[in-house]
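Written below as structure tokens is the structure these notes are about.
The values are calculated or read from the model by the stated rules, or taken from the named source; none is laboratory data. The structure presented is a predicted model; accordingly, all values stated were derived computationally and were not measured. Cβ: placed from backbone, ideal geometry, glycine included. Neighbour counts: every protein chain shown. Side chains included, ligands, DNA and RNA excluded: accessible areas come from the protein's heavy atoms. Shrake-Rupley method; radii C 1.70, N 1.55, O 1.52, S 1.80 Å.
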Amino acid sequence: MNGDSINNGDSKCSPPLGINSNTAAAAGGSTTIVKYEKSSCLFCNEWFDSQTFTEHLIHCGQVLEQCPNTCNVFVPRIRMRAHLKECPRNKRRSASADRVDQQVDYRVQVVENEINTLRSVLNEEIRQRLHLITDVGNLRKQNQVIDDWQQSTNQSLKSLQNRLDEENTQRTFEVEQCQQDFRCCFDTVQSLKREIQNEIDDLEKHINQMSLELTQHQNHLNDNIMKLEETVLLHEKINRDKFIEIENYLQSINLDLNAKLGPEHDVAKYAALDLEVKGMKHIVCDTEERCDKLETLVSQIDRNLHHTMQLVNDLENHIATQQRLTSYINCRGHLLWRIKDFSKKFEEARQYDTILHSAMFSNKPFGYALRLDIYLNGKGTWKGRNMIACLNVIAGEYDPLLPWPCRLQADVIIRDQTINATNPEDYVKTVMVRKKSDDYIQTKQFFYIPHTILKQSNYIKNDSLFVEVRILK
């Protein structure tokens with residue numbers, strides 16, 4: 001046996017002599033079990049079958065035996081001859097016997113060297129075979145792990161494929177449902193457009209009729225006012241002339257009476273004159289009261305006329321807004337409103353308590369309909385010192401589809417009109433808007449901006465005020 005016989009072993013990595021490799025290669029096992037069918041000698045470290053192990057112990061040269069010369073020394077069997085030669089209790093032997101012993105010792109030494117060489121070669125082969133068995137077991141474990149991983153990967157791929165199929169089916173169903181919803185919404189929008197257009201036409205007719213009636217009423221009212229003014233002026237002139245005439249007549253009568261009757265008739269004359277003067281003063285007072293009542297009536301009619309004109313303007317703005325809504329919906333939750341002719345509108349608000357209404361806008365596509373109302377001269381206890389505003393949720397076309405109650409938060413900004421300002425000083429008010437339901441009458445939640453603030457900085461420029469509304473959530 002040499003090194004070539006070790007390296008040119010079985011290519012299938014069969015176990016070495018004396019070792020039986022039983023590997024659990026079933027589908028579910030990955031543990032390598034090595035069963036040794038040979039045993040190692042405790043004295044010479046050689047491997048023997050279980051059948052020859054006992055016989056080897058009888059003839060093993062490394063087994064310790066006691067010296068037969070009773071020198072109380074234990075030596076290996078293979079060294080017993082050399083010990084007997086050197087044993088102090090051994091008898092002298094012949095020269096021929098010594099030569100024979102030397103030859104035997106030499107041969108035994110050669111045999112021992114060869115045995116040691118074979119033993120080392122066998123041990124090396126055993127170690128290499130054990131390494132090969134270990135590597136084969138590791139490879140089988142790795143193959144088993146790879147097979148398990150491949151199986152789990154296949155299962156995962158199958159589950160993913162099933163999920164993809166389900167997802168595709170669900171997406172297809174959702175796409176079909178969305179198409180149906182879109183068609184339904186499109187039909188609803190078209191019907192709403194037609195209804196809005198019909199309402200706009202009716203409102204235009206009604207407004208045209210109201211404008212005509214208002215024009216006629218205004219013309220009639222202006223004619224009546226002019227006639228009334230002419231009548232008042234005429235009555236004042238007549239009364240003034242009569243009063244002057246009466247005074248002149250009374251003076252002439254007084255002179256005549258003084259000349260004719262003398263001083264005894266002065267008391268009666270003065271009493272009659274006082275009575276006539278009181279009657280004339282009473283007539284003048286009644287005329288003045290009537291003039292005051294007519295002036296009050298004229299101012300009230302003027303106020304009502306102004307409110308009616310503002311209502312007509314609001315209706316026209318509403319119609320224009322509805323027309324814009326039919327073509328474009330402001331659904332960004334953002335409004336930028338320019339109030340032109342601010343001084344004129346502020347004076348009208350101070351005299352007639354007018355209200356400014358912004359254009360309608362929405363917080364999102366198909367969302368709540370919103371509008372900003374402003375009292376330039378204030379309202380109630382805030383009147384004359386503050387500008388009062390209110391952000392309202394008004395009736396919209398999509399209210400039945402929206403969640404209620406409505407809760408919105410917005411920033412109302414008075415824009416600073418400073419040219420090329422790096423840090424504009426905008427005035428910001430954060431307000432909350434709440435409404436319980438679409439048919440609930442909203443309680444207006446007002447907020448105020450002092451007139452002193454508006455007069456500061458460059459909020460009002462070129463007789464215009466910019467008000468911006470941003471819906472936060």
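Odds and ends about this structure:
- Extreme residue, most open to solvent (accessible area, probe 1.4 Å), among residues of region 258-288 that are at pLDDT below 65 and acidic (Asp, Glu): GLU264
- Identity of the residue in region 227-257, open to solvent by 70 Å² or more (accessible area, probe 1.4 Å) and either within 60 Å of the chain's Cα centre (by Cα) or over 19 Å from ARG290 (Cα atoms) (or both), that ends up modelled with the lowest pLDDT: ASP256
- Taking region 357-381 as the range and being touching a helix residue (DSSP H, G or I) at 6+ places or on another chain (Cβ under 7 Å), at pLDDT 90 or above and assigned to a loop (DSSP other than H, G, I, E, B) as the test, the residues that pass are LEU376, ASN377.
- Region 407-426, residues that are open to solvent by 50 Å² or more (accessible area, probe 1.4 Å) and closer than 20 Å to TYR448 by Cα: ARG415, GLU425, ASP426
- Scanning region 428-454 for residues that are open to solvent by 50 Å² or more (accessible area, probe 1.4 Å) and over 30 Å from LEU402 (Cβ atoms) yields one hit, THR452.
- Among the candidates TRP382, TRP404, residue that is more than 20 Å from GLU316 (Cβ to Cβ), open to solvent by 30 Å² or more (accessible area, probe 1.4 Å) and under 35 Å from the mean Cα position of the chain (by Cα): TRP404
- Being in contact with a helix residue (DSSP H, G or I) (Cβ under 6 Å, 6 or more places away or on another chain) and either β-branched (Val, Ile, Thr) or at pLDDT 90 or above (or both) holds for only one residue in ASP411, ASP463, and it is ASP463.
- Residues of region 455-470 that are open to solvent by 30 Å² or more (accessible area, probe 1.4 Å) and touching a residue at least 60 places away in the same chain (Cβ under 8 Å): ILE460, ASP463, PHE466, ARG470.
- Residues in region 319-342 that are open to solvent by 70 Å² or more (accessible area, probe 1.4 Å) and at pLDDT 70 or above: ARG332, LEU336, ARG338, LYS340, ASP341.
- Any hit, region 67-85, residues being modelled with pLDDT of 75 or more, outside any strand (DSSP E or B), among the hydrophobic types (A, V, I, L, M, F, W, C) and open to solvent by 70 Å² or more (accessible area, probe 1.4 Å): no
- Test: residue in region 161-171 that is part of a helix (DSSP H, G or I), modelled with pLDDT of 75 or more and within 30 Å of THR308 (Cβ to Cβ): no
- Residue that is nearest to THR308 (Cα to Cα) [pool: residues in region 344-356 that are open to solvent by less than 70 Å² (accessible area, probe 1.4 Å) and part of a helix (DSSP H, G or I)]: TYR352
Every residue, every condition in (1) at pLDDT 90 or above; (2) over 16 Å from PHE346 (Cβ atoms); (3) out of contact with any helix residue (DSSP H, G or I) (no Cβ under 7 Å at 6 or more places or on another chain), yes or no:
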residue	(1), (2), (3)
GLU425	no, yes, yes
VAL428	yes, yes, yes
ASP438	no, yes, no
PHE446	no, yes, yes
PRO450	yes, no, yes
SER457	no, yes, yes
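- Cβ separations smaller than 7 Å between residues 6+ apart or across chains give no pair from region 182-194 residues that are within 15 Å of ASP399 (Cβ to Cβ) and of a type in the set (Val, Ile, Thr) to residues that are at pLDDT below 85 and open to solvent by less than 80 Å² (accessible area, probe 1.4 Å).
- The set of residues in region 137-169 being in contact with a strand residue (DSSP E or B) (Cβ under 9 Å, 6 or more places away or on another chain) and open to solvent by less than 90 Å² (accessible area, probe 1.4 Å) consists of GLY137, ASN138.
- Qualifying residue in region 183-202 (condition: exposed (fewer than 11 other Cβ atoms within 10 Å of the Cβ), under 30 Å from LEU305 (Cβ atoms) and over 36 Å from the mean Cα position of the chain (by Cα)): yes
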